[in-house]
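K.L.:
The structure under discussion is supplied below as C-alpha cells; questions concerning it will follow.
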Amino acid sequence: MLEGDSIVIRRWQERDIEDSIVACADPEVVRWVPRIPTPYREQDAREFLEHAKRGWEESTAFDFAITERASGRTVGSIGVAVNGAVGEIGYFVFAGHRRRGIGEQALRLVSRWALEELGLARLQLTAMVGNVASAQLAEKVGFTREGVLRAWIENRGERADAIMFSLLPDEID
Ligand SMILES: CC(C)(COP(=O)(O)OP(=O)(O)OC[C@H]1O[C@@H](n2cnc3c(N)ncnc32)[C@H](O)[C@@H]1OP(=O)(O)O)[C@@H](O)C(=O)NCCC(=O)NCCS
C-alpha cells in the first residue's frame, strides 16, 4: 500500500469490478490506453484481476488500484510491468476524477516505489502522439521525453506512433 496526500494505492480487489467496467468504457480510455478490450465486460474485469494476481505472485507486473483517501472510492489504475531491470508504467484516472492531482500523486508514488523498492535501473512509459494530458503529466513528474517511436503501439487494430519517456533512479524528486 502506498499513501499520498489524497490517495491510497493498493492491490486490486473483487469489489473494484463494477467501477472498473464503467471506467474502461470511457472514450478517453478507449482512445489512449491500448490493450483494454472494447466493450469491457465483467469477464474482462475478472480476467484482469487474475492477471494482476499472477503478476504480483510472479513479480512480473505490479498493478494497483488508485483510491481516494476520503471516500475510499476507486478512482484510477496504475501498474508497472517488469522486464529485467526495466519497468514500464501505465496508468489512467477514471472520468470525473481528472485534473485534481490524482494522476500526478499516483505516478510519483509508484515511480519512486518501483525505482527504490524494485531496484529498477530504468522506468519508461509511452504515450500515444496527441495524448497531451499524459505527456504533460509524465514531464511534470520528471520523466524525460526521449523521442517518437513510429507505429509502436497497436490500438484498436491500428498502429500508432508513441512518445517514449524515461525516468532513472537519481531523477525522482
Ligand atoms: C493522463 C491522465 C492520467 C492525467 O491524470 P489527472 O489525474 O487528470 O492528472 P493531474 O490532475 O494529476 O494533472 C497533473 C498534470 O498533468 C498535466 N495534465 C493533466 N491533464 C491534462 C490535460 N487535460 N491537458 C493538459 N495537461 C494535463 C498537467 O501538467 C497537470 O498539471 P497542472 O494541473 O498543474 O496543470 C488522465 O487525463 C487520464 O486518465 N486520461 C485518459 C487515459 C490516458 O490517457 N492514460 C494515459 C495513457 S499513456
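Each value in this text was obtained by applying a stated rule to the coordinates, not by laboratory testing. These figures come from a predicted structure and were not determined experimentally. Every residue, glycine as well, gets a Cβ built from its backbone with ideal geometry; the counts of neighbours run over all protein chains shown.
K.L.:
Where the centroid of each part is defined by its Cα atoms, how far is the stretch 1-73 from the stretch 76-100 in Å?
P.N.:
9
K.L.:
Relative contact order of the stretch 119-163, please, whole-number percent, based on alpha carbon pairs below 8 angstrom and at least 6 residues apart.
P.N.:
Normalised by residue count, the contact order of the stretch 119-163 is 39 percent.
K.L.:
Write down the percent of antiparallel bridges among all DSSP beta bridges whose residues are both part of the chain, to the nearest 5.
P.N.:
90
K.L.:
To continue, here is another question. Take the Cβ-Cβ distance between E154 and I21 as r, set R0 to 25 Å, and report the resulting FRET efficiency rounded to the nearest 0.05.
P.N.:
After rounding to 0.05, the efficiency reads 0.65.
K.L.:
Report the Rg/Rh value for the stretch 1-106, based on alpha-carbon coordinates and the Kirkwood definition of Rh.
P.N.:
0.94
K.L.:
If I take every Cα pair under 8 Å that is 6 or more residues apart in the chain, average their sequence separation and divide by the length, what percent do I get for the relative contact order? Don't jump to the answer; show the numbers that get you there.
P.N.:
Values: 294 pairs, mean separation 32.4, N = 173.
Relative contact order for the chain comes out at 19 percent.
K.L.:
Shape of the stretch 75-138 from its Cα gyration tensor (a ≥ b ≥ c, root eigenvalues): rounded if a/c is under 1.5, otherwise prolate when a/b > b/c, or oblate?
P.N.:
prolate
K.L.:
Once the piece of chain linking T144 and V132 is laid out straight, how much longer is it, given 0.36 nm per residue of separation minus the C-alpha distance between them?
P.N.:
2.9 nm
K.L.:
Sticking with this one: Using helices alone, what [θ] at 222 nm do you get for the chain, with -39,500 (n - 2.57) per DSSP H run of 4 or more residues, divided over all residues and rounded to the nearest 500?
P.N.:
The per-residue figure over the chain is -10000 deg cm²/dmol.
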